[in-house]
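The structure appears below as structure tokens.
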Protein chains: 2
Amino acid sequence: MDLPSTFDVIFPQALPSTYDNHTVRKLSSMKGQFADQQAYARLLDKEDVVLYEVYEFKRPQEAGELLYGISVVHPGKVGDEYYMTKGHFHAVRETAEVYYCLKGQGVMVMETPEGDWAVEELRPGKVLYVPPCWAHRSVNTGSQEDLVTFFVYPGHAGHDYGTIEQYGFRKLVIEVNGQLQIVDNPRWQAPGERP
Amino acid sequence: MDLPSTFDVIFPQALPSTYDNHTVRKLSSMKGQFADQQAYARLLDKEDVVLYEVYEFKRPQEAGELLYGISVVHPGKVGDEYYMTKGHFHAVRETAEVYYCLKGQGVMVMETPEGDWAVEELRPGKVLYVPPCWAHRSVNTGSQEDLVTFFVYPGHAGHDYGTIEQYGFRKLVIEVNGQLQIVDNPRWQAPGERP
């Protein structure tokens, strides 16, 4: 039978007491995704650091179900660009996602297939609703702490990483003289101008 | 355009900084739902107290969408029975729900249309996954604090209050000599024995 289940978010780390699946994304899995490719190569040469981790709970990938878990983006930068997740659209575009920020400081970078963009702050106690069709990427803008969020999305959403891998997001989040800046991504092309 | 949106959970009360809809449920709206009907009548005679409140965000009621908000159950008892929400099945039975407990002490009472039941503890940092088909009711078992949870469920779920209104949940949560007890609800009938 399909029983209710629980886990605890254990503070101060804000990590889950249990989980079904643990994904670890290292620098080497994000080739071409950071703007400063020389800084990327130098850092990778030194160490294939862990950029982020995702703890997930297994549920059927069906409408009516909810997939949920904890995302942890570690602090750091590749050149001037903060550590971030790969970011993705949902394969079924018409599916939303909800985040609750548990720990740290960061932003969610979002965009639509038409090229509209948005950046929203994440900090403990912040709830973020990502509407259907918006690709999303978590960025840790803190200097020392992990950025930890609890996420929930519909079971049938699926993931499309390809579009973002090819062009990136329209906006990059970088640090200039100790200040967060949101700048254009030179690699990005407007959807209408893509080959 | 459908833009991302955020709100803050403001501590220590754990109330939302903004919301679209605020529902206030008073004692008078739960006639027949508490086991001790004399205690219910006495309390109502004195004051139509607020049992719980729900803060919600408006989204289309469609598959792929997520409905989310904050539920606040106040502390107190009707006789020996703790303040609780009405509780409901989702109208579309095959839809799940996820809770994150923000504040207080309580339990979620759950049951299936077949009469299986479960009770899970809620305390700050606890995540509860309610599988499809399980009716659910929040109960504040604390003596002074509000029980506050953040909830997310699929947009097309809907609500069916009628089944629970008629028979209640199989289990009641009461306090005996200062201790929480889970006892049978005399009003409940096994689904196969209902008229």
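Read the figures in this text as sums done on the coordinates, not as results from a lab. Since the structure is predicted, the reported quantities are computational estimates derived from the model, not experimental observations. Glycine also receives a Cβ, built like all others from the backbone with ideal geometry; neighbour counts cover every protein chain displayed.
Observations on the structure shown:
- Label spacing, shortest first and in nm, from B:GLU47 to its equivalents in the remaining copies (7 angstrom along Cα→Cβ): 5.9
- Under a Gaussian network description of chain A, with springs only between Cα atoms under 10 Å, the residue in A:MET30, A:MET84, A:MET110 that fluctuates furthest is A:MET30.
- Teacher prompt: A:GLN189 distances to equivalent labels in other copies, 7 Å Cα→Cβ, nm: 6.8
- In percent, rounded to a whole number, the relative contact order of the range B:38-195 is 28, using alpha-carbon pairs under 8 Å and six or more apart.
- Per-residue mean of foreign Cβ neighbours for A:117-124 is 2 (Cβ atoms of other chains, 10 Å radius).
- Result for chain A in a Gaussian network model with C-alpha springs under 10 Å: among A:GLY32, A:GLY142, A:GLY64, the largest mean-square fluctuation is at A:GLY64.
- Neighbours of B:ASP48, meaning other residues whose beta-carbon lies under 13 angstrom from its beta-carbon, give a summed charge of +3 when Lys and Arg score +1 and Asp and Glu score -1.
- Gyration tensor (alpha-carbon) shape descriptor, the range B:1-46, a/c threshold 1.5: prolate
- Shielding of A:146-152 by partner chains, average beta-carbon count, 10 Å: 3
- Stokes-Einstein D (µm²/s) once Rh is taken as the Kirkwood radius of the protein assembly as shown over alpha-carbon pairs, at 25 °C in 0.890 mPa s: 110
- Most fluctuating residue given options A:LYS46, A:LYS171, A:LYS26, as computed from a GNM of chain A linking Cα atoms under 10 Å: A:LYS46
- Loop-located GluC sites (Glu not before Pro) in the range B:39-71 whose Cβ has at most 16 other Cβ within 10 Å (DSSP): B:GLU47, B:GLU62
- Set B:LYS46/B:LYS126; A:LYS58/B:LYS77; A:LYS77/B:LYS58; A:LYS58/B:LYS126; A:LYS86/A:LYS126; A:LYS77/B:LYS103 screened for pairs whose C-alpha atoms are more than 29 Å apart: B:LYS46/B:LYS126; A:LYS58/B:LYS77; A:LYS77/B:LYS58; A:LYS77/B:LYS103
- Over the C-alpha atoms of the range A:105-165, the Rg to Rh ratio, Rh being the Kirkwood estimate, stands at 0.97.
- Taken over chain A, the convex hull of the Cα atoms encloses 124 Å³ per residue.
- Each other copy holds its own label point for B:LYS31; taking that point as 7 Å from Cα along Cα to Cβ, the gaps run 7.1 nm, nearest first.
- Computed from the alpha carbon positions, the gyration tensor of the range A:28-73 leads to an equivalent ellipsoid with semi-axes of 33, 12, 8 Å, biggest first.
- Counts of other chain beta carbons within 10 angstrom of each beta carbon in peptide B:126-136 average 6.
- Normalised Debye scattering of the range B:50-149 at q = 0.10, 0.22, 0.23 Å⁻¹ gives log10 I(q)/I(0) of -0.27, -1.22, -1.30, counting only Cα atoms as equal scatterers and leaving out solvent.
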